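Following: one structure in structure tokens, then a few remarks.
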Amino acid sequence: MGFESFGTVSFTAEAKVADFVTYLEQGKVMATQCKNCGAKYFPPQMDCPRCLSTDAEWFEVKGSGKLITYTTVQYGPSGFENDAPYTLVIVDFADGLRIFGRLSRDIKESDIKIGMDVKVVPVKLADDRISYEFQRA
């Protein structure tokens, strides 16, 4: 499976990291790590911009991370107009990985706190699409 079923709007069907979607369907959120220099990437990348190596491996994002910033989108861009409002977050994980994504709608805006523990999980969307979001840890 390629990126045609990822997210709300897909712009590409072919990618070196197409397995990302397959992993989501298996219940895993995966990132990549360069085998040469150790740099970690999310979204996944198979070509390392740091050392230019093409030798990367997949690893599962496990455990919780700390929310470092967030914003609530009131007016979504093209393809996301009907989703607003929704909250976007950046989360730091202990292994140095930083991930950007949506916060679960199950978390009220009044309950969002910088430093709160969250975990990233796959989620099923409408029309057999799949993505990931952050939930309470």
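A few remarks follow.
- Reported count of residues in segment 123-137, each being among the acidic types (D, E) and crowded, with 16+ Cβ neighbours inside 10 Å, is 1.
- Segment 41-61, residues that are surrounded by 15 or more Cβ atoms within 10 Å (Cβ to Cβ) and closer than 18 Å to I130 by Cβ: F42, P44, W58, V61
- Hits in segment 92-116 (condition: under 28 Å from G38 (Cα atoms), surrounded by fewer than 18 Cβ atoms within 10 Å (Cβ to Cβ) and out of contact with any Leu (no Cβ under 8 Å at 6 or more places or on another chain)): D92, A94, D95, G96, L97, R98
- Where a residue in segment 98-123 is in contact (Cβ under 8 Å) with a residue 40 or more places away in the chain and its partner, wherever it lies, is exposed (fewer than 10 other Cβ atoms within 10 Å of the Cβ) and not β-branched (V, I, T), with Cβ under 6 Å and at least six apart: P122/G27
- When V89, V73 are screened for being over 16 Å from the mean Cα position of the chain (by Cα) and surrounded by 14 or more Cβ atoms within 10 Å (Cβ to Cβ), only V73 passes.
- Hits in segment 107-120 - residues which are at negative phi and outside any strand (DSSP E or B): I107, K108, E109, S110, D111, I112, K113, I114, M116
- Apart from one condition, G38 fits all of (1) in contact with a strand residue (DSSP E or B) (Cβ under 8 Å, 6 or more places away or on another chain); (2) exposed (fewer than 12 other Cβ atoms within 10 Å of the Cβ); (3) at pLDDT 95 or above; the exception is (1).
The values are calculated or read from the model by the stated rules, or taken from the named source; none is laboratory data. Because the structure is predicted, anything quoted here is derived from the model rather than measured. We place every Cβ from the backbone using ideal geometry, glycine too, and count neighbours over all the protein chains shown.
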